Amino acid sequence: MKWTKMFAGEERELDIADNGREVEREILPDDDDGVEIVARIRFNADGQVGRAALLLASTLTKEDEDSVKRQLLDLGWYSVATEVGGVYGDLPQKITRALVGAALNSGVIQKDQREMHALMHAAFESLDAFIPSGLLEASIGAKIAIVRNDRWISVAVMGDTAYHAVAHHERFGLGVMHI
């Protein structure tokens, strides 16, 4: 249950949690730029790198991206994000260069057969989900996030695809591979 109360001229929103305790939430001012949603996500297992990569790929600002990367680093997880765009036929080379370059340059992976193999498998899985067969000459713009810990690596791709600029819509793909 949610309701709004007035205290000393300040508006606040209260949630009644499942346990019956009140949790105060800040009410953000109305804004023409959209809605801000603040969420708390707890990572409690090494196998949740996919969730972390999807969160990183979903960031819209450099500040939010850096914040997620700092928090992942606090867990001992390495991460990087990059962006690619273009026409479908031109993307395989662009994506490979962006993906491998970002992962190596940021230190997320080492130039090692085992780590490169895991990265490419996770990338293939995520791109296979992101780009459906039959898009042919579609326009694509995407953010690629890579997150890894000691045992797992994940690649998340989130962005827009369309045959025409007016018809762009969001898509995402996720791949996870054991290192």
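The values are calculated or read from the model by the stated rules, or taken from the named source; none is laboratory data. In this text the structure is predicted, and so the values were computed from the model without any measurement. Cβ: placed from backbone, ideal geometry, glycine included. Neighbour counts: every protein chain shown. Only protein heavy atoms, including side chains, enter the accessible area calculation; ligands, DNA and RNA are left aside. Shrake-Rupley method; radii C 1.70, N 1.55, O 1.52, S 1.80 Å.
Data overview
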quantity: Residue 83 being acidic (Asp, Glu), surrounded by 10 or more Cβ atoms within 10 Å (Cβ to Cβ) and in contact with a Leu (Cβ under 9 Å, 6 or more places away or on another chain); calculated: no
quantity: Region 50-72 residues that are in contact (Cβ under 8 Å) with a residue 24 or more places away in the chain, paired with ones that are of a type in the set (Ser, Thr, Tyr) (beta carbon under 6 Å, 6 or more apart); calculated: 50/154; 53/154; 56/79; 72/79
quantity: Selection status of residue 127, open to solvent by less than 80 Å² (accessible area, probe 1.4 Å) and either modelled with pLDDT under 95 or closer than 29 Å to residue 45 by Cβ (or both); calculated: yes
quantity: Options 157, 147, 176; residue that is in contact with an Asp or Glu (Cβ under 8 Å, 6 or more places away or on another chain) and at pLDDT 90 or above; calculated: 176
quantity: Residue that is closer than 17 Å to residue 52 by Cα and out of contact with any Asp or Glu (no Cβ under 6 Å at 6 or more places or on another chain), where the choices are 108, 100, 84; calculated: 108
quantity: Positions within region 20-53 being more than 23 Å from residue 66 (Cβ to Cβ), modelled with pLDDT under 55 and open to solvent by less than 100 Å² (accessible area, probe 1.4 Å), in sequence order; calculated: 20, 23, 27
quantity: Subset of region 77-95 [modelled with pLDDT under 95 and either of a type in the set (A, V, I, L, M, F, W, C) or closer than 18 Å to residue 179 by Cα (or both)]; calculated: 84, 87, 91, 95
